[in-house]
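In what follows, a single structure is set out as structure tokens and then discussed.
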Amino acid sequence: MKLTWTALSVSLLTAGAAQAELTDVTFGSNWLAQTEHGGFYQAVADGTYEACGLNVSILPGGPQVNNRALLLAGKIDYHMGGDMLQAFNAVKEGVPIVAVAAMFQKIPQVILTHPGKADSFEDLKELKLLVGDNGYQSYYQWMIAQYGFSADNRAPYTFNPAPFLADDNTGMQGYLSSEPYLVEKEGGFVPDVFLLADAGYSTYATTIETMAPTIASKPEEVACFVEGSITGWYNYLFGDNAAANEMIMADNPEMTQDKIDFAISKLLSEGIVISGDAETMGIGVMTDETVKDFFDKMVSAGVIEADVNYTDAFTTEFVGKGIGMELVN
């Protein structure tokens with residue numbers, strides 16, 4: 001069904017929301033509170049969600065928490081997806097989860113190496129790469145198909161950097177905004193970092209997912225949550241984010257201001273949130289062209305079947321309107 005919210009914005013909803021009772025909604029993240037969730041916390045902290053009528057609670061994820069299952073069970077309203085492959089698999093399984101926005105234009109997945117051990121992404125084939133099972137079943141299959149990596153290159157990653165630190169002929173998976181900082185602090189050197197997105201792994205990341213019936217029955221609520229989140233991300237990156245950071249650190253005591261500062265710098269410098277279409281259409285944008293490009297790559301890599309209807313995995317109805325772009329400084 002074609003929705004018609006092209007003119008809708010948070011500012012247009014504010015007047016009506018001021019006189020109406022707030023609607024309680026819960027957003028489940030996919031990991032412990034961290035900088036990569038900053039825009040959502042910002043929209044709670046500065047009242048952006050409230051401005052269009054929502055009282056948003058953020059439910060952190062974690063290693064023993066499956067917030068996506070709570071979305072399926074109707075226990076939460078929105079969920080933070082990791083990448084578009086998860087959305088494709090939902091379609092494959094007949095689950096009506098739909099991605100309605102992508103806060104990250106690039107997935108922050110990286111391979112770290114010791115300094116000077118690889119001059120290009122293809123040079124990583126000369127190293128032993130520590131990659132976890134989820135990565136092996138997804139992006140590493142693309143690395144095999146696209147660049148000729150071998151399963152023999154890969155060794156299991158146990159989320160312990162010690163083997164990497166001890167062997168300079170080893171590479172290690174990581175997140176751009178986390179592991180490089182960890183290695184610098186624990187290993188005493190600045191690692192070389194290879195961003196998979198810059199090598200062509202073209203999935204969106206940090207998506208907002210909801211159920212198809214929610215989109216059909218509550219389009220105004222979905223628009224409010226999406227546009228509030230977009231505005232939150234602009235304010236988090238370019239405005240006063242102190243209150244949001246306090247909330248993040250309260251939800252995750254292991255998160256510290258120095259880690260947050262490092263992560264924000266990387267999100268900005270590497271174009272994780274704003275690059276490509278987001279430069280002209282705004283944070284959160286998704287396009288059929290980009291989603292199809294990634295879907296085709298996953299089909300070629302044997303990760304997803306070609307007969308999966310990828311267009312059921314997302315909608316562009318709530319994004320691409322330039323919401324919040326004036327907040328960039």
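The values are calculated or read from the model by the stated rules, or taken from the named source; none is laboratory data. Keep in mind the model is a prediction, meaning the values are calculated, not measured. Here the Cβ is made from the backbone with ideal geometry for all residues, glycine too, and neighbour counts use every protein chain on show. Protein only, heavy atoms only, side chains kept; ligands, DNA and RNA dropped before computing areas. Shrake-Rupley method; radii C 1.70, N 1.55, O 1.52, S 1.80 Å.
See the values below:
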| read-out | value |
| --- | --- |
| Restricting region 122-152 to residues that are within 22 Å of the chain's Cα centre (by Cα) and in a loop (DSSP other than H, G, I, E, B), the residue that is surrounded by the most Cβ atoms within 10 Å (Cβ to Cβ) | S138 |
| Residues satisfying the stated conditions in region 280-311, i.e. among the charged types (D, E, K, R), in contact (Cβ under 8 Å) with a residue 60 or more places away in the chain and within 15 Å of Y201 (Cβ to Cβ) | D293, K297 |
| Residue check for E279: surrounded by fewer than 17 Cβ atoms within 10 Å (Cβ to Cβ) and either of a type in the set (K, R) or in contact with a helix residue (DSSP H, G or I) (Cβ under 8 Å, 6 or more places away or on another chain) (or both) | no |
| Selection from region 200-244 of residues that are among the polar types (S, T, N, Q) and either open to solvent by 10 Å² or more (accessible area, probe 1.4 Å) or not in a loop (DSSP other than H, G, I, E, B) (or both) | S202, T206, T207, T210, T214, S217, S229, T231, N235, N241 |
| Matching residues, region 153-185, being part of a helix (DSSP H, G or I), open to solvent by less than 70 Å² (accessible area, probe 1.4 Å) and not aromatic (F, W, Y) | N153, A162, P163, L165, E179, P180, L182, V183 |
| Breaking point among (1) of a type in the set (S, T, N, Q); (2) in contact (Cβ under 8 Å) with a residue 24 or more places away in the chain; (3) assigned to a helix (DSSP H, G or I), for S265 | (2) |
| In region 48-78, residue surrounded by the most Cβ atoms within 10 Å (Cβ to Cβ) [restricted to those that are within 18 Å of the chain's Cα centre (by Cα) and closer than 22 Å to G324 by Cα] | Y78 |
| Selection status of V10, at pLDDT 50 or above and of a type in the set (V, I, T) | no |
| Region 293-311, residues that are farther than 13 Å from A87 by Cβ and under 18 Å from the mean Cα position of the chain (by Cα) | D293 |
| Qualifying residue in region 289-304 (condition: in a loop (DSSP other than H, G, I, E, B) and under 23 Å from Y236 (Cβ atoms)) | no |
| Positions within region 310-319 being open to solvent by 20 Å² or more (accessible area, probe 1.4 Å), in a loop (DSSP other than H, G, I, E, B) and in contact with a strand residue (DSSP E or B) (Cβ under 8 Å, 6 or more places away or on another chain), in sequence order | T315, E317 |
| Checklist (1) assigned to a helix (DSSP H, G or I); (2) over 23 Å from S57 (Cα atoms); (3) open to solvent by 20 Å² or more (accessible area, probe 1.4 Å) applied to F189, failing item | (1) |
